[in-house]
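Below: one structure, written as structure tokens.
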Amino acid sequence: MIPHAELCVTSNFTFLRGASHPEELVKRAAELGLTAIAITDRNSVAGVVRAFSALKELSRVAEEAGQGSPLPRLIPGARLMLTDSKVEWVALPTDLAAWSRLTRLLSLGKRRAEKGSCHIGLADLEEWGRGMVLIALPPDPLEATGFERDLRRIAARFA
């Protein structure tokens, strides 16, 4: 079997977008034999905690049953929806310091906005994005223009 990791999974913590609970997503990833799964809710890391707990429980159950099949690695992250860009960014921290920056970025964005919203811009991503793998999700090129500038801007800032 070829190793496979799903790097952009939205849970039901992204209201009206994701349908499955993080626990269900982790369990299914294990059943499929995925190497890793990244829970990346919109401007939130809420699903990551539940996914982590579910993975620990799956590990405990597998250990008690004497099963040695590897479980998927959980990659915490968020799908960043910026107020000044049509590009969506999947942010995957590479270490604890980057995780701290991601959660700080989200906290700043939520404090700037009304409840339930988050205001993060490209300048914020440039300031707080160090140590993260950033995956660009540009809009459909037939429906939007001008996003290439944003791709180049972030690519120039982060190698």
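Computed quantities for the displayed model
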quantity	calculated
Complete set of residues in region 60-105 that are farther than 21 Å from D150 by Cα and β-branched (V, I, T)	V61, I75, T94, T103
Where D140 falls short, out of the listed (1) exposed (fewer than 14 other Cβ atoms within 10 Å of the Cβ); (2) at pLDDT 95 or above	(2)
Residue tally, condition over 12 Å from the mean Cα position of the chain (by Cα) and hydroxyl-bearing (S, T, Y), over region 11-46	2
Tally, over region 106-136, of residues that are surrounded by fewer than 13 Cβ atoms within 10 Å (Cβ to Cβ) and under 13 Å from S85 (Cα atoms)	1
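Yes/no matrix, rows are residues, columns are (1) without any contact (Cβ under 8 Å) to a residue 60 or more places away in the chain; (2) farther than 20 Å from I37 by Cα:
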site	(1), (2)
V49	yes, no
L106	no, yes
L137	no, no
L151	no, yes
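The values are calculated or read from the model by the stated rules, or taken from the named source; none is laboratory data. Because the structure is a prediction, the values reported are computed rather than measured. Using ideal geometry, Cβ is built from the backbone for each residue, glycine included, and neighbour counts are taken over all protein chains shown.
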